[in-house]
Amino acid sequence: MNYFEIFHLPIAFELDSVELASRYRQLQQQYHPDKFAAASEADRSRALQWAAEINAAFNTLKEPVARAEYLLSLQGLEIRGEQQTLQDLDFLEQQWAWREALEALPAATAPLLASANLAEELSLTQRQMQTALSQTLAAGEWPAAADWVRKLKFMAKLQLELERLEDSLLDD
């Protein structure tokens with residue numbers, strides 16, 4: 001049973017996150033290991049395994065990039081943990097520019113303002129990329145979707161680095 005089937009959802013990138021959360025809570029209640037405390041060892045073990053599977057499915061499906069990776073894996077394209085380099089020169093140049101902007105933040109005249117501006121730019125870019133990812137997945141363009149996932153994973157790492165830098169700026 002794949003993760004979408006666990007929650008009785010269509011296999012698609014776009015999903016109703018409220019419905020996902022609601023079904024997750026229902027399944028959690030139904031299969032919580034505490035409900036099987038008096039059951040046989042085999043039933044307790046199955047409940048524990050099922051609860052772990054429900055948690056893994058929920059954690060994957062609730063995050064758009066993880067959900068896209070999972071959809072790609074269902075198509076035989078496994079990109080989790082890979083270290084493939086993107087061939088998109090424009091994106092590579094943009095990566096370089098964002099890294100330079102990130103490195104320049106501590107020395108900026110108004111570092112928190114510069115940080116907020118960079119965060120807004122990254123957020124806008126991520127939304128645009130996620131829209132493109134959704135379109136390529138809907139069209140079944142798996143290699144192109146895989147590239148969008150790779151780009152979004154870079155963006156998530158860059159966003160995390162920016163948040164850490166902002167925290168250090170606030171601590172100073």
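Quantify how much of the Cα-Cα distance distribution of the chain extends past 29 Å, in percent.
Numbers: 5656 of 14706 pairs.
Tail of P(r) above 29 Å: 38 percent of Cα pairs.
On a straight-distance basis, which aspartates and glutamates could pair with LYS151 in a cross-link, Cα separation under 18 angstrom, same-chain partners fewer than 8 positions away excluded?
Leaving aside aspartates and glutamates fewer than 8 places away in the same chain, those within reach of LYS151 are GLU63, GLU69, GLU78, GLU82, ASP88, ASP90, GLU93, GLU100, GLU120, GLU121, GLU141, GLU161.
Run the numbers on the range 37-172 and let me know its relative contact order in percent, using alpha-carbon pairs under 8 Å that are six or more apart. Intermediate values should be presented prior to the final figure.
Details: 62 pairs, mean separation 35.4, N = 136.
Once divided by the residue count of the range 37-172, the mean separation gives 26 percent.
So, for the range 1-88, what is the accessible surface per residue at a probe of 1.4 Å, expressed in square angstrom?
Numbers: 5470 Å² over 88 residues.
Ligands and nucleic acids excluded, the result is 62 Å² per residue.
Taking all protein chains together and a probe of 1.4 Å, list ARG67, ARG46, ARG80 from the most accessible to the least accessible. Before the final figure, lay out the partial values.
Numbers: ARG67 20, ARG46 135, ARG80 105 Å².
Final ranking, largest accessible area leading: ARG46, ARG80, ARG67.
For GLU141, list long-range residues whose amide hydrogen, built 1.01 Å from N in the peptide plane, is under 5 Å from its own amide hydrogen.
Amide H neighbours of GLU141, under 5 Å, 5+ apart: none.
I'd like to know which of TRP50, THR60, VAL18 lies farthest towards the positive end of the charge dipole of the range 1-76, counting +1 on Cβ of Lys and Arg and -1 on Cβ of Asp and Glu.
The Cα lying farthest towards the positive end belongs to TRP50.
Just read off the accessible area of PHE13 with the full protein assembly in place, 1.4 Å probe, to the nearest 10 Å².
For PHE13, solvent-accessible area is about 10 Å².
What is the percent carbon and sulfur in the accessible area of the range 1-124, measuring with a 1.4 Å probe over the protein chains and ignoring ligands?
Working: 4120 of 7820 Å².
Using a 1.4 Å probe with all protein chains present, the range 1-124 comes out at 53 percent carbon and sulfur.
State, to one decimal in nm, how far the label point of ASN55 lies from the label point of SER73, with both points 7 Å from Cα in the Cβ direction.
1.7
Which value, in Å² rounded to 10, gives the accessible area of GLU78 with a 1.4 Å probe and all protein chains present?
110
For LEU74, LEU162, what's the largest-to-smallest order of accessible area, 1.4 Å probe?
Working: LEU74 75, LEU162 0 Å².
Largest accessible area first, the list is LEU74, LEU162.
The values are calculated or read from the model by the stated rules, or taken from the named source; none is laboratory data. Note that the structure is a prediction, hence the values are computed from the model and not measured. Every residue, glycine as well, gets a Cβ built from its backbone with ideal geometry; the counts of neighbours run over all protein chains shown. To get the accessible areas, we keep the full protein, side chains included, count just its heavy atoms, and leave off ligands, DNA and RNA. Shrake-Rupley method; radii C 1.70, N 1.55, O 1.52, S 1.80 Å.
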